[in-house]
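What follows is one structure encoded as structure tokens, with my remarks underneath.
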Amino acid sequence: MSARNDRNRQHLVGRVADALRARIDAKPAAGNARARHQRGGLDLRKRLLIVAGVLGLGSLALVVRAFNVQVVNSDFYLQQGQARSLREIPIPTSRGMITDRNGEPLAVSTPVESVWGNPKELLENPARIPELARALDVPVDVLTRKLTQRSSKEFLYLKRRISPEQARRILAHDIPGVFSQREFRRFYPQGEAMAHVLGFTNVDDRGQEGLELSFDHILSGKPGSKRVIRDGQGRIVESVDLIKPAEPGHDLTLTIDRRIQFLAYRELRNQMVKTGASSGSAVVLDIATGEVLAMVNLPSYNPNAVAMGNIDAHRNRAVTDVFEPGSTMKPITVAAALNARIVTPDTRVDLNPGWMALDRKYTVRDHNNYGVQTVTGIITKSSNIGAAKLAARMDDKYFYEFIRRFGYGQKPESGFPGESAGVLAPPSRWSGTTKATMSYGYGLSATPLQIAMVYASLGNGGKLITPTFVKGERHEPRQALDPQVAHEVMRMMQTVTETGGTATQAAILGYHVAGKTGTARKFSETGGYTRRYLSYFAGVVPVQNPRFSMVVVVNDPDPERGYFGGLVSAPVFRNVMDGALRLMDVPPDDIDTWMAAQAKTQHTNELRGEEGPVLPDASAATPLADATLPAPVGAPTAGGTQ
């Protein structure tokens with residue numbers, strides 16, 4: 001029993017000892033746990049402070065940045081934003097309208113559309129380029145090449161000045177980077193008949209020829225501009241501000257009469273077809289004002305489709321091309337002799353034997369031997385010998401200055417671009433035969449407009465007026481000739497269109513016509529004269545109260561069909577002036593002839609059983625042939641012109 005007790009005691013002691021050891025071992029572990037807990041709590045607070053600090057600094061940075069963007073550098077960032085969305089675009093304006101003297105439109109601007117694209121955006125969508133090419137009706141490779149060449153640009157015209165309907169069809173494809181804008185295109189209702197006077201404009205609606213060029217500063221408007229906001233697709237979503245309003249161009253009223261212009265164009269065209277001529281010009285002036293009522297040239301071109309025509313046809317030959325005036329110069333030679341008082345209209349001049357040697361090389365000839373003629377007869381018969389003999393009696397300097405007084409050798413100053421001054425050499429450059437050949441229209445040159453000016457001055461009592469194309473513009477006349485001498489020359493030229501004259505086909509029933517024919521050989525580029533001709537008629541109507549001056553020049557008619565001025569150019573004058581006199585309500589100055597012709601026609605009709613008077617055709621008379629023309633230089637003879 002004692003032994004069992006000992007074992008129990010030992011077991012109890014062991015258990016106590018184990019409990020003590022466990023307790024001892026447990027105390028350090030708990031301390032370590034508390035230490036670890038204390039350390040863990042300290043790290044968390046620090047971390048929270050760090051996070052809060054970082055967030056605070058970030059917020060401060062954002063505030064500072066916002067202040068910098070919104071306040072300090074606001075202008076810079078505003079500009080950057082606007083550069084990406086705000087655009088300044090032009091406001092197109094229309095060009096001023098051109099009308100004739102009666103307000104009929106001759107040139108108007110119509111609204112059109114131009115399609116443009118952004119090459120950068122289009123190249124980002126290469127799959128749509130073939131579709132765009134089909135819509136534009138251009139080859140794909142051509143369009144691709146254009147876009148590639150301008151890949152760094154943001155603007156490229158794809159198709160300009162097309163109808164709004166065409167533009168809508170292209171835009172209907174909704175291809176990114178394709179847009180349209182409004183422009184204006186020039187339209188010329190009269191087409192070829194008015195082409196040389198008006199000229200035309202280019203694709204930017206700027207004048208290139210004619211009066212469109214001369215008065216471009218008046219006709220051109222001033223485009224405006226406005227600010228708009230575009231979206232990412234380039235579409236305008238809002239108009240922000242009007243920077244400058246558009247100012248349309250000013251209208252221009254011309255002196256041209258559309259009806260007379262068409263008459264001149266039609267008659268000149270018909271005569272060129274009839275005679276096989278290569279070109280022709282006609283000018284009609286109002287004698288009292290110098291206003292250009294008509295100016296036509298053939299061949300012409302369509303100003304509505306300039307690219308389709310011949311560039312050479314753009315030239316206004318009536319003001320740019322110079323020709324030797326031929327026998328249209330003879331009235332000026334006679335006027336110079338009358339003004340110098342060396343002859344009178346009735347002074348007799350011996351023209352026998354029908355030719356006259358100037359020197360060993362040159363001989364002047366008339367068409368026939370006219371024997372002895374008065375000074376008036378020199379003009380009636382268009383005698384070269386008579387003109388040369390009158391010139392020989394005048395001083396060289398006087399003759400030169402007299403001719404120059406009428407504007408020869410000087411620009412007309414009408415305001416038309418490209419005017420030619422012609423050629424009038426001073427006496428210091430004359431040869432032994434110069435003055436004689438100048439007396440009947442060789443050795444000097446002039447434009448049709450200059451010749452029309454000269455004849456207008458004869459009909460205006462010797463007053464030379466600068467021609468004008470603008471209605472209401474007036475120039476002070478300059479007295480180039482004594483009024484009495486001008487009146488005498490007019491009476492002499494009247495005989496040219498009457499029986500026995502060289503231009504009976506220029507006669508107009510009911511009106512007295514004063515004029516002069518001319519048929520000049522064309523100068524050769526290699527020297528001398530060719531067998532090609534210029535056919536002239538210059539005239540004034542009516543004689544008693546002159547209203548119109550007209551010059552007709554037909555270049556290079558077929559000699560086999562006739563080439564004399566009285567046959568080729570005089571009928572054009574008659575037909576145009578006959579219509580113009582009636583259109584402008586000019587009263588007849590030859591009532592007796594009118595009444596006699598009417599009575600004769602009525603009597604003839606009564607014999608035929610017809611009722612009512614029918615006026616006769618004034619073109620029924622047969623003209624006399626023109627005088628013999630000069631032979632080419634170097635030949636034994638050199639005749640004159642008519």
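Every read-out reported here was derived from the displayed coordinates using simple, explicitly stated rules and does not represent laboratory data. The structure displayed is predicted, hence computed values, not measured ones. FYI the Cβ positions are ideal-geometry reconstructions off the backbone, even for glycines, and counts take in every protein chain you see.
How big is the shadow of the Cα convex hull of segment 444-521, averaged over all directions, in nm²? Please report the intermediate quantities before stating the final value.
Numbers: hull surface 28.2 nm².
Taking the Cα atoms of segment 444-521, their convex hull projects to 7.0 nm² on average.
What is the sum of charges, Lys and Arg at +1 and Asp and Glu at -1, for the other residues whose Cβ falls under 12 Å from the Cβ of Leu449?
Once all neighbours under 12 Å are counted, the net charge is -1.
Using a cut-off of 30 Å between alpha-carbon atoms, which lysines can reach Lys274, once sequence neighbours fewer than 8 places away in the same chain are excluded?
Lys330, Lys381, Lys516, Lys522
Each residue of segment 95-104 in turn: what ³J(HN,Hα) in whole Hz from Karplus with 6.51, -1.76, 1.60 and θ = phi - 60°, glycine and Pro shown as x?
With the stated coefficients, segment 95-104 comes to 7, x, 7, 10, 10, 7, 5, 9, x, 6 Hz.
Only Lys, Arg, Asp and Glu count, each charged at its Cβ (+1, +1, -1, -1), so figure out the dipole size of segment 381-514 about its Cα centre, rounded to 20 debye.
So the magnitude is around 180 debye.
Place the peptides 287-300, 529-542, 242-255 in order of packing, highest mean first, counting for every residue the other Cβ atoms within 10 Å and averaging per peptide. Before the final figure, lay out the partial values.
On the way: 287-300: 23.8, 529-542: 25.5, 242-255: 16.5.
Listed from highest to lowest mean packing, they are 529-542, 287-300, 242-255.
Mind listing the Cα extents of segment 513-613 along all three principal axes, in Å, largest one first?
62, 34, 19
With charges only on Cβ, +1 for K and R and -1 for D and E, what is the dipole size of segment 468-585 about its Cα centre, in debye, rounded to 20? All intermediate terms of the calculation are to be shown ahead of the outcome.
Details: 13 positive and 11 negative charges, 21 e Å.
Result for segment 468-585 is approximately 100 debye, rounded to the nearest 20.
Please turn the phi angles of segment 287-300 into ³J(HN,Hα) values with the Karplus equation 6.51 cos²θ - 1.76 cosθ + 1.60 (θ = phi - 60°), one per residue in order, whole Hz, x for glycine and proline.
5, 6, 10, x, 6, 7, 8, 7, 8, 10, 9, 9, x, 10
Taking the Kirkwood radius as the inverse of the mean 1/r across Cα pairs, report the Rg/Rh of segment 510-552. Don't skip to the end; give the middle numbers.
Numbers: Rg = 15.0 Å, Rh = 12.1 Å.
Rg divided by Rh gives 1.24.
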